[in-house]
């Protein structure tokens, strides 16, 4: 869905700047609960997606240890590698969303006539839209990787696979709220409308895919 590359997160002035992957769960939750906007829902969306991918990794890793699934081993190894990369990307996007919103919020506090705001505003708005867009794109990729695990992995882990599917869909829905929140900041009305339509189509596709996978479990 995203037509733009997503840069790496950069340090900002507000909220925690530690990479999400280096934090304990308790540290992250304390930062999330603090009365500042970063980290916020975007980081939560990325973390949900990382957990989805990790659950998929667990399911396929377990299958790779069982001789009864040996016929699926080549495809399972490919899925495992893909999900590992997607988990890492999800964490990167969680940090990126926090960084993007931090930059936008900093400019928002400046007077509209401020030169720094004027020069950086358009890029900051674009980054704040593209980060959650990328989470939605990545959620679709996670669901595509989870699909071949249905019927080729342990029945005892079916609930874990179902939860992975649910988390990926939830991550996309969560990220969409941040896209919707920032689209009104785009000056071009036609661009806002086009992107909003693209967003809703992507969400419908994800809902359809996740529903189909869940029905097969």
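Please give the number of the condition residue 152 fails out of (1) modelled with pLDDT of 95 or more; (2) part of a helix (DSSP H, G or I); (3) surrounded by 13 or more Cβ atoms within 10 Å (Cβ to Cβ).
(2)
Could you pull out the residue among 168, 134, 139 that is under 21 Å from the mean Cα position of the chain (by Cα), farther than 24 Å from residue 191 by Cα and at pLDDT 95 or above?
Going through 168, 134, 139 in turn, just one is under 21 Å from the mean Cα position of the chain (by Cα), farther than 24 Å from residue 191 by Cα and at pLDDT 95 or above: 168.
For the range 34-58: of the residues being touching a residue at least 12 places away in the same chain (Cβ under 8 Å) and more than 18 Å from residue 169 (Cα to Cα), which is surrounded by the most Cβ atoms within 10 Å (Cβ to Cβ)?
Filtering the range 34-58 for residues that are touching a residue at least 12 places away in the same chain (Cβ under 8 Å) and more than 18 Å from residue 169 (Cα to Cα), the one surrounded by the most Cβ atoms within 10 Å (Cβ to Cβ) comes out as 39.
How about the range 83-110: which of its residues are over 23 Å from residue 28 (Cβ atoms) and in contact with a helix residue (DSSP H, G or I) (Cβ under 7 Å, 6 or more places away or on another chain)?
Selection gives 107, 110.
With the condition kept exactly as written, say whether any residue in the range 77-84 is modelled with pLDDT of 95 or more and over 22 Å from the mean Cα position of the chain (by Cα).
There is at least one residue in the range 77-84 that is modelled with pLDDT of 95 or more and over 22 Å from the mean Cα position of the chain (by Cα).
Please enumerate the residues belonging to the range 1-28 that are at pLDDT 50 or above, under 14 Å from residue 94 (Cα atoms) and either surrounded by 12 or more Cβ atoms within 10 Å (Cβ to Cβ) or over 18 Å from the mean Cα position of the chain (by Cα) (or both).
Across the range 1-28, the qualifying residues are 17, 18, 19, 20, 21, 23, 28.
Quick one: in the range 63-88, which of the residues that are in contact (Cβ under 8 Å) with a residue 60 or more places away in the chain and crowded, with 16+ Cβ neighbours inside 10 Å is nearest to residue 165 (Cα to Cα)?
Applying the filter and picking the extreme gives 83.
Give 199, 213 a once-over and let me know the one that is in a helix (DSSP H, G or I), closer than 30 Å to residue 66 by Cα, at pLDDT 95 or above and in contact with a helix residue (DSSP H, G or I) (Cβ under 8 Å, 6 or more places away or on another chain).
Only one candidate passes the filter, namely 213.
The values are calculated or read from the model by the stated rules, or taken from the named source; none is laboratory data. All of these numbers come straight from a predicted model, not from anything done at the bench. With ideal geometry, Cβ positions are generated from the backbone for all residues, glycine too; neighbour counts draw on all protein chains shown.
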